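Trainee: There's a structure below that I have some questions on.
The values are calculated or read from the model by the stated rules, or taken from the named source; none is laboratory data. If you're wondering where the values come from, they're calculated on a predicted model, not measured in any experiment. So basically every Cβ, Gly included, is an ideal-geometry build from the backbone, and we count neighbours across all protein chains shown. Just so you know, the surface numbers come from the protein's heavy atoms only, side chains and all, with ligands and any DNA or RNA stripped out. Shrake-Rupley method; radii C 1.70, N 1.55, O 1.52, S 1.80 Å.
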Amino acid sequence: MKVSMTVNGKATERDVEPRMLLVHFLRDELGLTGANIGCDTTQCGSCTIHLNGTAVKSCTVLAVQADGTSITTIEGLAQNGNLHPMQQAFWDKHGLQCGFCTPGMIMAATKLAAGNPHLTDEEIRHGLEGNLCRCTGYENIVRAVKAGAQAMAGGD
Amino acid sequence: MGNYKGKSMKRVEDPRFIQGKGRYVANLSIPGMVHVAIKRSPYAHATINSVDTAAAAALPGVVAVYTGSDFSNVGGLPCGFTPPGIKTPAHPVVAVSKVRHVGDPVAVVVAENAYIAHDAVDLIEVDYTPLPAIVDAKGAMDTGAPLVHDDVPDNCSFHWPLGDKDATAQAIASADHVVEMELINQRLIPNAMEPRACVAQWDSFMENMTVWTTSQNPHTIRLLLGAFTLQIPEHKLRVISPDVGGGFGSKIFHYAEEVIVPWVARAVNRPAKWVSTRSEASITDAHGRDHVTHAKLGLKKDGTITGLYVTTWANMGAYLSTFAPLIPTALYITLLSGLYKIPVIFGETYGTMTNTVPVDAYRGAGRPEASYVLERLLDIAAQDLKMDPVELRRKNLIPPNEFPYQTPVALQYDSGNYPALFDKIEQLADYKGMRKEQEKARKDGRLVGVGFSSCIEASGPAPSAVAVGLGAGIGLFESGVIRVHPTGKVTVLTGSHAHGQGHETTFAQIVADELGVPMEDVEIIHGDTERTPYGVGTYGSRSAAIGGSALVKSAEKIRHKLTLLAAHLLEADPADIVYDQNSGKVHVKGAPDRAKAFGELSFALTTADKLPPGMEAGLEETSFYDPANFTFPNSAHVAQVEIDRDTGEVTIQKYAAVDDVGKVINPLIVEGQIVGGIVQGVGQALWEHGVYDENGQLLTATMLDYAMPRADRFPTIQVDRNETPSPHNPLGVKGAGEMGTIAGTTTIVSAVMDALAPLGIRHLEMPLTAEKIHNAIKAATSNGGGN
Ligand code: FES
Ligand code: FES
């Protein structure tokens, strides 16, 4: 089946099997391997991307369902060589160790933080409930999201 | 000295990860690559009568299908720790006549893409005769239990005793008070977020094989591939572990797929790739823990410990994984002394075979199990003797002036100040305040608990002579090369491997300080057997202590050479030359202007025209550092929990930790390790459990059923340090990677049991799920016990 979508600002068209998952489409067809696959039951959130402006787990969407949509992956977050404030905050606050959950965390966090510059710890912890990290114990992720949310709003 | 050590430098590896450019094995794609999928046993124990691959082979897009007999030219997976008397059953890479756990490989499909490969797997028909299965560590040795391997009678692979049995039995018999209990340390599934993966490429002209694998120790994998399984000569084998998405022990071991994938690449003469799914990971990655323990602790009336007697049945699973027998023996029994002076200890472990996934090292590996046994016994002893659990522990602490301290179970602790550790945690957590708060809450009928634990760890394995003497197949030193380029830029090659630990930062801090160069002039290379010298890899919290020390040794050699060179060029006596480690300038004592810069000297070794007699050109030094001892990190953690009386749900209200990990190179990274470890340890205390039913079916094979710690279950964790440098490595560091996990489990169990104590509930087995607690509360209150 033919699918076309805009991925990180670029129009893309491919012929795919109807059963192909969006995450495989991104990784194997487009070479965008930033979205990782950490589970097979939609638990881990490593594969989180933005689809029409919403954070979704791309292992739970078929590529054909994404036909006509606009997608941003972790590779498309930095603009003109400048890190997105959330990426910067993950770096500054040591919000990652092995980095495997990180693209998904950052993609989920940017949506959580959009329009919410003053997220509380609790809101962040609840908001990231669908993203698993085995390394960090979440603490520095919470710090990073807090700082990132402020920075996204143009705060300090 | 130096500009970087002790500072929270931001990690240099992060830019690639935060931009989705992590170089994980699953991201690799090579033109012409085929995809491998594996048919696995759905039975825990069965005879294979036949495997029909015809329909799979006929599926368009399938390149080849192989069964066990095709792999007759590869060796079985070896066990690398074999103490005297151990029975080591054969472990075929692909099962031929029998399967012994759910997940055992029975056939291999090679196809043009992964979807087709998985389709073809479903088309393979295997005719099995199911056999009775055994899953229980202790029950495996019962008479009449199904035998997992004909050549391992009673399913007992080994019995490992340590300590004075008679004296310990005597001490327990004559104690004023004895705490005796049975404890289960449940099976865990490591679940690093990155599932394992393997890619292989065969060069048929050079007969070279390159294997990319998700490993914590690529050189060990190369050695085992070369000498045991694939049997391609080691110099023709290159093993690369690029970015690895967490390991926690599970990626130390040599797995069947690391043999199958390169074997396929050679057989079909195309690059080959296999990526594990999460469900597949659950039934193939080595699991952790799974002990049944019977323990007795003898005490005097005043709380002084007089002896400890421990018998453990450790589940080894269906085969002996690479280091499996090491974990419940030399890394477990030896740790039973904790932070305490215990006059006599006897410990023994039976390693038993069962129809389950093999069990091997998982974060902490033996040491959490030891701490759990000891700390549970002490909590109950405190209850029985009506003492505060902290006071009871204090009474038995090894005094600071007794280091190095020889325990009755072989280890000699290097350094520590345990009373200071206790002072610090009591202050940080406001322990007394917590107890007051608890008293008040209890009056209000609330189930609030305060937990305490103090743990020891032996990290940084290990002096090679000791390790090999105990049964290890390899020495446990580490390699480090410092290569200074003509312009003074530095490449560092280490045998350690980072899979989240941040070596690219920490090791650069060490080398930059040792040489007096800017950190950005130093790059760390790891994880490639063709680029780095033979090294041992990363586990057991060994990298800073051993890998870091190897780099310090190489830096010393570099400084020595540059000192001699500067003396020659400055026409001074080498004894009058000072190497300034802040600036990298080498100058005459008292005359900082008579100096040569680091880059000048490195270039002089490239032109090589004015070298002192006998000095070789070039600037590159290699060291292999073998530690004199383990290091002994120690910790005291406190937590406060509240239990919902109606649901049994545990809320962690406070958590505070003081750890002694020796000197700290990068506090940001060390704190990250400790907090991450604590959360993982709490996972075991409250939620995580790899559950088998009696037929050997794993009931928790997906993340739907296996409860991983989530962000919303934790408060902010307070951490502090109590630094006592390790005296026997040049950095003064101890391991930092596992202490959190060791202490996290015992601390939370202590808190939950403390909350339930007023109801007369003495002990519950982990995980302390809401359901289990709810049932226990119901049973306790309907019996009329408690308030
Ligand atoms: S891979 Fe998508 S949620 Fe785990
Ligand atoms: S950083 Fe490793 S899983 Fe989150």
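Trainee: Given the conditions (1) under 20 Å from B:PRO715 (Cβ atoms); (2) touching a residue at least 40 places away in the same chain (Cβ under 8 Å); (3) more than 7 Å from chain B (Cβ to nearest Cβ); (4) open to solvent by less than 10 Å² (accessible area, probe 1.4 Å), which single one is not true for A:ILE124?
Mentor: All conditions are met except number (2).
Trainee: Please verify whether the range B:168-186 includes one or more residues that are more than 30 Å from B:THR277 (Cα to Cα), open to solvent by 10 Å² or more (accessible area, probe 1.4 Å) and among the hydroxyl-bearing types (Ser, Thr, Tyr).
Mentor: Taking every residue of the range B:168-186 in turn, at least one turns out to be more than 30 Å from B:THR277 (Cα to Cα), open to solvent by 10 Å² or more (accessible area, probe 1.4 Å) and among the hydroxyl-bearing types (Ser, Thr, Tyr).
Trainee: While we're here: Kindly list, by first and then second residue, each pair from a residue in the range B:44-65 that is outside any strand (DSSP E or B) to a residue that is small (Gly, Ala, Ser), limited to pairs with Cβ atoms under 6 Å and residues at least 6 apart or on different chains.
Mentor: B:ALA44/B:ALA133; B:ALA44/B:GLY696; B:HIS45/B:ALA133; B:ALA56/B:ALA120; B:LEU59/B:ALA120; B:GLY61/B:ALA111
Condition check ((1) closer than 27 Å to B:GLY737 by Cβ; (2) open to solvent by 10 Å² or more (accessible area, probe 1.4 Å)) across all residues:
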| position | (1), (2) |
| --- | --- |
| B:ASP360 | yes, no |
| B:LEU374 | yes, no |
| B:GLU391 | no, yes |
| B:ASN417 | yes, yes |
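Trainee: Kindly check whether there is at least one residue in the range B:185-193 that is more than 27 Å from B:GLU257 (Cβ to Cβ) and at pLDDT 95 or above. Show your work before the answer.
Mentor: As a first pass, look at the range B:185-193 and keep what is more than 27 Å from B:GLU257 (Cβ to Cβ): B:185.
Keeping just the survivors that are at pLDDT 95 or above gives B:185.
So far as the range B:185-193 goes, yes, one or more of its residues are more than 27 Å from B:GLU257 (Cβ to Cβ) and at pLDDT 95 or above.
Trainee: Suppose we keep only residues that are more than 10 Å from chain A (Cβ to nearest Cβ) and out of contact with any Phe, Trp or Tyr (no Cβ under 9 Å at 6 or more places or on another chain) within the range B:13-40. Which one would you say is most open to solvent (accessible area, probe 1.4 Å)?
Mentor: B:PRO31
Trainee: Does A:ALA109 qualify as being more than 8 Å from chain B (Cβ to nearest Cβ), among the hydrophobic types (A, V, I, L, M, F, W, C), within 16 Å of ligand 2 (Cβ to nearest atom) and under 13 Å from the mean Cα position of the chain (by Cα)? Steps first, answer last, please.
Mentor: Working: more than 8 Å from chain B (Cβ to nearest Cβ): yes; among the hydrophobic types (A, V, I, L, M, F, W, C): yes; within 16 Å of ligand 2 (Cβ to nearest atom): yes; under 13 Å from the mean Cα position of the chain (by Cα): yes.
Answer is yes for this residue.
Trainee: Can you tell me which residue among B:ILE577, B:ILE524 is touching a Phe, Trp or Tyr at 6+ places or on another chain (Cβ under 6 Å) and of a type in the set (Val, Ile, Thr)? Write out each step before concluding.
Mentor: Values: B:ILE577 fails: touching a Phe, Trp or Tyr at 6+ places or on another chain (Cβ under 6 Å).
Of B:ILE577, B:ILE524, the one residue that is touching a Phe, Trp or Tyr at 6+ places or on another chain (Cβ under 6 Å) and of a type in the set (Val, Ile, Thr) is B:ILE524.
Trainee: Condition test on B:ILE742, is it away from every other protein chain (no Cβ under 14 Å), hydrophobic (A, V, I, L, M, F, W, C) and outside any helix (DSSP H, G or I)? Show your work before the answer.
Mentor: Details: away from every other protein chain (no Cβ under 14 Å): yes; hydrophobic (A, V, I, L, M, F, W, C): yes; outside any helix (DSSP H, G or I): no.
No; evaluated as a whole, the condition is false for this residue.
Trainee: Let me ask something else about it. Might you check whether a residue that is away from ligand 1 (no atom under 14 Å from the Cβ), surrounded by fewer than 24 Cβ atoms within 10 Å (Cβ to Cβ) and either free of Cβ contacts under 8 Å to residues at least 24 places away in the same chain or more than 19 Å from A:GLU75 (Cα to Cα) (or both) occurs anywhere in the range A:31-38?
Mentor: There is at least one residue in the range A:31-38 that is away from ligand 1 (no atom under 14 Å from the Cβ), surrounded by fewer than 24 Cβ atoms within 10 Å (Cβ to Cβ) and either free of Cβ contacts under 8 Å to residues at least 24 places away in the same chain or more than 19 Å from A:GLU75 (Cα to Cα) (or both).
Trainee: At least 2 residues that are touching a residue at least 40 places away in the same chain (Cβ under 8 Å) in each: list the strands (runs of 3 or more DSSP E) lying fully within the range B:529-635 that qualify. First the steps, then the outcome.
Mentor: Working: elements: B:577-580, B:585-588, B:591-596, B:620-625.
Per the criteria, B:577-580, B:620-625.
Trainee: For the range B:442-451, state whether one or more residues are in contact (Cβ under 8 Å) with a residue 60 or more places away in the chain, farther than 30 Å from B:GLY366 by Cβ and open to solvent by less than 10 Å² (accessible area, probe 1.4 Å). Lay out the reasoning, then the answer.
Mentor: Within the range B:442-451, the subset in contact (Cβ under 8 Å) with a residue 60 or more places away in the chain is B:442, B:445-451.
Next, only the ones that are farther than 30 Å from B:GLY366 by Cβ stay: B:442, B:445-448.
Subsequent filtering for residues that are open to solvent by less than 10 Å² (accessible area, probe 1.4 Å) retains B:447-448.
There is at least one residue in the range B:442-451 that is in contact (Cβ under 8 Å) with a residue 60 or more places away in the chain, farther than 30 Å from B:GLY366 by Cβ and open to solvent by less than 10 Å² (accessible area, probe 1.4 Å).
Trainee: A follow-up question, please. Restricting to the range B:256-285, name every residue that is touching a strand residue (DSSP E or B) at 6+ places or on another chain (Cβ under 8 Å) and either within 14 Å of chain A (Cβ to nearest Cβ) or under 21 Å from A:PHE100 (Cβ atoms) (or both).
Mentor: B:GLU257, B:GLU258, B:VAL261, B:LYS273, B:TRP274, B:VAL275, B:SER276, B:GLU280, B:SER282, B:ILE283, B:THR284
Trainee: Picking from B:VAL682, B:VAL650, which residue would you name as being of a type in the set (A, V, I, L, M, F, W, C), under 30 Å from B:ILE283 (Cα atoms) and more than 14 Å from every other protein chain (Cβ to nearest Cβ)?
Mentor: Values: B:VAL682 fails: more than 14 Å from every other protein chain (Cβ to nearest Cβ).
Only one candidate passes the filter, namely B:VAL650.
Trainee: Do you know which of the residues in the range A:81-102 that are at positive phi and at pLDDT 95 or above is nearest to ligand 1 (Cβ to nearest atom)? It would help to see each step written out before you state the result.
Mentor: Step one: of the range A:81-102, the residues at positive phi are A:81, A:94, A:99.
Those still in the list that are at pLDDT 95 or above too: A:94, A:99.
On the way: A:HIS94: 23, A:GLY99: 15 Å.
In this case the residue turns out to be A:GLY99.
Trainee: Search the range B:697-723 for residues that are within 7 Å of chain A (Cβ to nearest Cβ) and pair each with any residue that is open to solvent by 40 Å² or more (accessible area, probe 1.4 Å) and modelled with pLDDT of 95 or more when their beta-carbon atoms are under 6 Å apart and the residues are at least 6 apart or on different chains.
Mentor: B:ASP712/A:HIS126
Trainee: Hey, among the residues in the range A:103-117 that are within 16 Å of ligand 1 (Cβ to nearest atom) and open to solvent by less than 10 Å² (accessible area, probe 1.4 Å), which one's farthest from B:ASP243 (Cα to Cα)?
Mentor: Step by step, filter the range A:103-117, then rank; the result is A:ALA109.
Trainee: Before we move on, is A:ASN116 at the interface with chain B (Cβ under 7 Å from one of its Cβ atoms), in contact (Cβ under 8 Å) with a residue 24 or more places away in the chain and either under 16 Å from the mean Cα position of the chain (by Cα) or farther than 30 Å from A:THR12 by Cα (or both)?
Mentor: On the way: at the interface with chain B (Cβ under 7 Å from one of its Cβ atoms): no; in contact (Cβ under 8 Å) with a residue 24 or more places away in the chain: yes; either under 16 Å from the mean Cα position of the chain (by Cα) or farther than 30 Å from A:THR12 by Cα (or both): yes.
No, not satisfied.
Trainee: Looking at the range A:49-102, which of the residues that are open to solvent by 30 Å² or more (accessible area, probe 1.4 Å), among the small types (Gly, Ala, Ser) and in contact (Cβ under 8 Å) with a residue 60 or more places away in the chain is nearest to the other protein chains (Cβ to nearest Cβ)?
Mentor: Within the range A:49-102, the match that is nearest to the other protein chains (Cβ to nearest Cβ) is A:SER70.
Trainee: Open to solvent by 50 Å² or more (accessible area, probe 1.4 Å), among the β-branched types (Val, Ile, Thr) and under 30 Å from B:LEU493 (Cβ atoms): does that describe B:THR651? If you could, list the steps in order and put the result at the bottom.
Mentor: Details: open to solvent by 50 Å² or more (accessible area, probe 1.4 Å): yes; among the β-branched types (Val, Ile, Thr): yes; under 30 Å from B:LEU493 (Cβ atoms): no.
Taking the combined requirement at face value, the residue does not satisfy it.
Trainee: When you look at B:PRO730, is it over 17 Å from A:GLU139 (Cα atoms) and surrounded by fewer than 20 Cβ atoms within 10 Å (Cβ to Cβ), yes or no?
Mentor: Working: over 17 Å from A:GLU139 (Cα atoms): yes; surrounded by fewer than 20 Cβ atoms within 10 Å (Cβ to Cβ): yes.
Considered against the rule, which asks whether it is over 17 Å from A:GLU139 (Cα atoms) and surrounded by fewer than 20 Cβ atoms within 10 Å (Cβ to Cβ), B:PRO730 comes out as yes.
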